[in-house]
Amino acid sequence: MQERFETFTVLINRISRNIRRIKNQEMADYNLRSAHVSCLYYLFTNKGATATDLCERCEEDKATVSRALDHLENNGFLVSKSKTAKRYKCPLLLTEKGQEAGKKIADKINGVLDTVSADLTEEERLAFYRSLSIISDRLESVSKIKE
């Protein structure tokens, strides 16, 4: 039982650390951090979004997304479509600089996903994501029991 726990937690931590490292490596050219990657990616792939949408898609809290958006806006990666609407309801769009970064991120993500799934059949990949989703849902359920 202990070996199963150690294997599970070590692998999850390694995966998380490697994803963060890849995000940071790719964003170094733009002086951005891994926290900005998801915002840029979702804004790029969805042709815009609101801060509320990003909180849900990125699975980040409101404060983290707000700080990321402030940084991205102040550094010319995005603009608010409306200055009158509340920030979290206001559509956000990428600037040309943001589009460039978003495309680079999307291309890198696609390349990484192709690389990591190269030795998996489609059925294996689907089973893996299904299993990961079940594990995630159950961990979330367990964590709520303790609250």
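Numbers below:
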read-out	value
Residue satisfying all of: in segment 76-98; out of contact with any helix residue (DSSP H, G or I) (no Cβ under 8 Å at 6 or more places or on another chain) and in a loop (DSSP other than H, G, I, E, B); modelled with the highest pLDDT among these	Thr95
Segment 25-43 - residue that is surrounded by 15 or more Cβ atoms within 10 Å (Cβ to Cβ) and more than 12 Å from the chain's Cα centre (by Cα) and, of those, modelled with the lowest pLDDT	Glu26
Selection count, segment 1-51, where residues are farther than 19 Å from Asn110 by Cβ and of a type in the set (Lys, Arg)	4
For Leu139: the one exception among (1) of a type outside the set (Ser, Thr, Tyr); (2) assigned to a helix (DSSP H, G or I); (3) surrounded by 12 or more Cβ atoms within 10 Å (Cβ to Cβ)	(3)
Residues (acidic (Asp, Glu) and outside any helix (DSSP H, G or I)) located in segment 109-131	Asp119
Criterion: of a type in the set (A, V, I, L, M), at pLDDT 90 or above, in a helix (DSSP H, G or I) and crowded, with 19+ Cβ neighbours inside 10 Å - qualifying residue of Ala106, Ala63, Ala101	Ala101
The one condition in (1) loosely packed, with under 15 Cβ neighbours inside 10 Å; (2) more than 12 Å from the chain's Cα centre (by Cα) that Glu73 fails to fulfil	(1)
Segment 7-22 residues that are closer than 18 Å to Thr115 by Cβ and basic (Lys, Arg), paired with ones that are surrounded by 11 or more Cβ atoms within 10 Å (Cβ to Cβ) and at pLDDT below 90 (beta carbon under 7 Å, 6 or more apart)	Arg20/Ser34
Lone unmet requirement of (1) at pLDDT 95 or above; (2) out of contact with any helix residue (DSSP H, G or I) (no Cβ under 7 Å at 6 or more places or on another chain); (3) more than 22 Å from Asn18 (Cβ to Cβ) for Glu124	(3)
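Okay, residues lined up against (1) touching a residue at least 40 places away in the same chain (Cβ under 8 Å); (2) touching a His at 6+ places or on another chain (Cβ under 7 Å); (3) surrounded by 11 or more Cβ atoms within 10 Å (Cβ to Cβ); (4) charged (D, E, K, R):
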{"site": "Thr50", "(1), (2), (3), (4)": "yes, no, yes, no"}
{"site": "Leu92", "(1), (2), (3), (4)": "yes, no, yes, no"}
{"site": "Glu96", "(1), (2), (3), (4)": "no, no, no, yes"}
{"site": "Asn110", "(1), (2), (3), (4)": "no, no, no, no"}
{"site": "Thr121", "(1), (2), (3), (4)": "no, no, no, no"}
{"site": "Ala127", "(1), (2), (3), (4)": "no, no, yes, no"}
{"site": "Ser133", "(1), (2), (3), (4)": "no, no, no, no"}
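The values are calculated or read from the model by the stated rules, or taken from the named source; none is laboratory data. Owing to the predicted nature of the structure, the values given are computational and were not obtained by experimental measurement. Quick reminder, even Gly has a Cβ in these numbers, built from the backbone with ideal geometry, and neighbours come from all protein chains shown.
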